[in-house]
1. With the requirement that a residue be within 14 Å of Ser135 (Cα to Cα) and among the hydroxyl-bearing types (Ser, Thr, Tyr), what does segment 46-77 give you?
2. With a cut-off of at least 1 residues that are among the acidic types (Asp, Glu), name the strands (runs of 3 or more DSSP E) lying wholly within segment 1-72.
3. Restricting attention to segment 64-76, report how many residues are surrounded by 24 or more Cβ atoms within 10 Å (Cβ to Cβ) and closer than 11 Å to Asp98 by Cβ.
4. Can you tell me which residue in segment 81-96 is nearest to the ligand (Cβ to nearest atom), limited to those that are among the β-branched types (Val, Ile, Thr) and surrounded by 24 or more Cβ atoms within 10 Å (Cβ to Cβ)?
5. Given the criteria in contact with a helix residue (DSSP H, G or I) (Cβ under 8 Å, 6 or more places away or on another chain), within 15 Å of the ligand (Cβ to nearest atom), part of a helix (DSSP H, G or I) and modelled with pLDDT of 95 or more, does Glu129 qualify?
6. Which ones in segment 236-268 are touching a Phe, Trp or Tyr at 6+ places or on another chain (Cβ under 9 Å) and modelled with pLDDT under 95?
7. For Asp162, state whether it is buried (at least 16 other Cβ atoms within 10 Å of the Cβ), more than 13 Å from Val117 (Cα to Cα) and either touching a Leu at 6+ places or on another chain (Cβ under 6 Å) or in contact (Cβ under 8 Å) with a residue 40 or more places away in the chain (or both).
8. What are the pairs, 6+ residues apart or on separate chains, where a residue within segment 253-281 that is among the charged types (D, E, K, R) has its Cβ under 9 Å from a residue that is modelled with pLDDT of 95 or more and outside any helix (DSSP H, G or I)?
Amino acid sequence: MPDQPKYLQQLNGDLWLIEDERENMKISYRIKEVVFSKSSAFQHVMILDSYDFGRMLVLDGVVQTTSMDGYIYNEMISHIPLSIHPNPKNVLIIGGGDCGAAREAAKYSHVENIDMVEIDEWVVKVCKEYLQEVSGNLSDPRVHFIFDDGIQHVKKYKNHYDVIIVDSSDPIGPAKQLFERSFYQDIYHALKEDGLMVCQSQSPIFHMDVLKQTFGHIQNLFPVTKLYTTTVPTYPGGLWSFTLGSKKYQEIHVNHFDKKTKYVNQAILHSCFNLPEFIQL
Ligand code: SAM
């Protein structure tokens, strides 16, 4: 293959994706086919067809979501906040280029508007075309794609959104600032006076420093801060965390969860807040 990126390697006649984000650990996936590969203005974007996880979105060599386990993360980052806010009408998603979070948010009929602010138009384009198990080829008219930097977008709004979902990649490259205090401060102001936000706050196994720092930033701004977890097989360590900051609401208000999902159910809306001893903050 011409200009094959370093994280795709031929080993004994097979093609492998070698994720080598960590110094002392490499995660490898045997690949059937490179469906799409291109360097955008922001990152290297690939859709790979893997043997065990089906199609994958890979950004700069790091697996973001797959057709096999993407629903777990996307359902957890969307349905938890949308089951705590009693009447969300105006939703903002920052990042989330695979469109999975927007697809879940669109399941709420009382949501009137979903702004999806993704820095890299190519991620949305390729996920709509080649990763429809995750994106659902989203064409709901309430979803407005805005191709911009989420950091700049939130600065423009005050008292505007009911729920903000920060569905970012890891804190490197264009997503680095999405983990900084000033960004959460701007989010706080962009939310209505009873608004709430959630972000993915990385692995409690490998990124406890990032998790604690993110939780701390949000706790310093919002009267209600909560941490919840789920398990995503393709994320390093498996266990993954989300931090929720709310100006007012803190309890799950849904008594009968009625959305068509593959992972979230009524019991999980509550049990996800039960934390193992080592991540009690
Ligand atoms: N579920 C994934 C995970 O945790 O690995 C993240 C999904 S999503 C693909 C992350 C998206 O955030 C990427 O498409 C990336 O382009 C986007 N992104 C990164 N930095 C951004 C920024 N500053 N503003 C808006 N989108 C950003």
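The values are calculated or read from the model by the stated rules, or taken from the named source; none is laboratory data. Remember, it's a predicted structure, so these values are computed and weren't measured experimentally. Virtual Cβ from ideal backbone geometry, glycine too; neighbours counted across all protein chains shown.
1. Selection gives Thr65, Thr66, Ser67, Tyr71, Tyr73.
2. 14-22, 25-39, 44-50
3. 6
4. Initial filter on segment 81-96 (among the β-branched types (Val, Ile, Thr)): 84, 91, 93-94.
After this cut, where a residue has to be surrounded by 24 or more Cβ atoms within 10 Å (Cβ to Cβ) as well, the list is 91, 93-94.
Details: Val91: 15, Ile93: 9, Ile94: 5 Å.
Selected residue: Ile94.
5. No; evaluated as a whole, the condition is false for this residue.
6. Once the filter is applied, which keeps residues that are touching a Phe, Trp or Tyr at 6+ places or on another chain (Cβ under 9 Å) and modelled with pLDDT under 95, segment 236-268 yields Pro236, Gly237.
7. Criteria met by Asp162.
8. Between residues of segment 253-281 that are among the charged types (D, E, K, R) and residues that are modelled with pLDDT of 95 or more and outside any helix (DSSP H, G or I), the close pairs are Lys259/Lys107; Lys259/Tyr108; Lys260/Lys107.
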